Amino acid sequence: MFYFDLYGVLAFLFALLFCVGLILIAVVIYYSVGNYEKPTNADGTPDEHAEPGIPLILKGLYLGVALYILAVTALFAITGIPI
């Protein structure tokens with residue numbers, strides 16, 4: 001027997017958490033790119049050949065994915081639904 005109401009609620013919650021995760025990733029990327037400062041050379045001028053903040057973006061993506069996994073795990077743990 002299928003519990004369509006249950007699957008509908010889970011689909012909604014999954015989509016909601018997925019959208020929140022994507023929004024969080026976008027905010028982290030925007031923030032990290034906006035606050036990136038280029039390293040300086042020995043004479044104090046900005047290094048024009050430095051990488052444009054890729055490590056900061058990756059850290060934000062990893063943080064967003066980790067928060068998403070924690071939120072989904074907490075959802076399943078609280079509701080008691082088998083995965």
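Worth pointing out:
- Most to least packed among 33-44, 59-70 [average Cβ atoms within 10 Å]: 59-70, 33-44
- Computed lengthening from TYR62 to ASN35, 0.36 nm per intervening residue step minus Cα-Cα distance: 7.9 nm
- Each of PHE76 and CYS19 was given a label point 7 Å from its Cα along the Cα-to-Cβ line. The distance between the two points is 2.3 nm.
Values in this text are rule-based calculations from the coordinates and carry no lab data. Keep in mind that this is a model prediction, so the values were computed, not measured. Neighbour counts are summed over all protein chains in view; Cβ atoms, including those assigned to glycine, are modelled from backbone coordinates with ideal geometry.
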